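Take a look at the structure below.
The values are calculated or read from the model by the stated rules, or taken from the named source; none is laboratory data. What you see is a predicted model; the values in this text were computed from it and never measured. With ideal geometry, Cβ positions are generated from the backbone for all residues, glycine too; neighbour counts draw on all protein chains shown. These accessible areas exclude ligands, DNA and RNA; they are computed on the full protein's heavy atoms, side chains included. Shrake-Rupley method; radii C 1.70, N 1.55, O 1.52, S 1.80 Å.
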Amino acid sequence: MPDIRPTVGSGALVLNATYEPLCVVSVRRAAILVLSAKAVCVADGEGILHSARNSLPVPSVVRLTRFVRVPYRTHVGLSRRAIFARDNWRCVYCRGPAETIDHVFPRSRGGRHAWENVVAACAKCNHTKGDKTPAELGWRLHSLPAAPKGIAWRVLGHRAPDPRWADWLDLREAEAA
Ligand SMILES: [Zn+2]
């Protein structure tokens, strides 16, 4: 599931007119959407934004006033951070803190760089494993790697969700995925 360490980013969640979560934008961008009446603020963040003519509460969630048709992004980008987030910053072999990315079926033997074949691993396990497969070592994976699914992943990627967004992002769905 996405990183839920208590780091609250400076982003704002954008909802479609139908309340479907779309994406996260900068607070500044969200404020511009509100000031130009392209969106309404549905949840405030911390503080007040000031501009030459206006001041408004920092938007945390905004909803577009007009429905936009958005093609579904079905693939979550494969990045080091996203892999760590999916595997909860734990080594899939020993559950220690993850420090490296390991290819379950080694790349040197044709293993793919894909969600189903990459895992977070500690440096020790990664080094010990070398170019062997878990089966050859008698190791078991704590979880089978798979591409992350769910609305929170689609909208947030590896970004830490603001707790104020929980009503709109089904975070339990992401956890179960
Ligand atoms: Zn390990």
Sorted on mean Cβ neighbours within 10 Å (highest first), peptides 159-166, 143-150, 118-125 come out as 118-125, 159-166, 143-150
Cα extents of region 38-108 per principal axis, largest first, Å, are 59, 31, 20
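Probe of 1.4 angstrom, ligands and nucleic acids ignored: what's the accessible area per residue over the chain, in square angstrom?
Values: 10410 Å² over 177 residues.
The answer is 59 Å² per residue.
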Contour minus Cα-Cα span, N16 to D131, at 0.36 nm per residue, comes to 36.7 nm
One checks the Cα atoms of region 52-177 and finds Rg and Dmax, in Å, of 18.7, 67
Note: L56 to A123 extended length (0.36 nm per residue) minus current alpha-carbon separation gives 19.4 nm
With a 1.4 angstrom probe the carbon and sulfur portion of accessible area for region 55-122, in percent, totals 53
In nm, the gap between the two label points placed 7 Å beyond Cα toward Cβ at R28 and H113 is 3.2
For region 137-146, in residue order, the Karplus 3J(HN,Hα) values (coefficients 6.51, -1.76, 1.60; θ = phi - 60°; whole Hz; Gly and Pro = x) are 9, x, 8, 10, 8, 5, 8, 7, x, 8
Expected vector for region 100-113, Karplus 3J(HN,Hα) from phi with 6.51, -1.76, 1.60 and θ = phi - 60°, integer Hz, x for Gly and Pro, equals 9, 9, 10, 8, 4, 8, x, 4, 4, 10, x, x, 7, 8
Given unit charges at Cβ for Lys, Arg (+) and Asp, Glu (-), the dipole magnitude of the chain about its Cα centre in debye, nearest 20, is 440
Cα extents of region 108-166 along the principal axes, largest first, in whole Å, come to 45, 22, 17
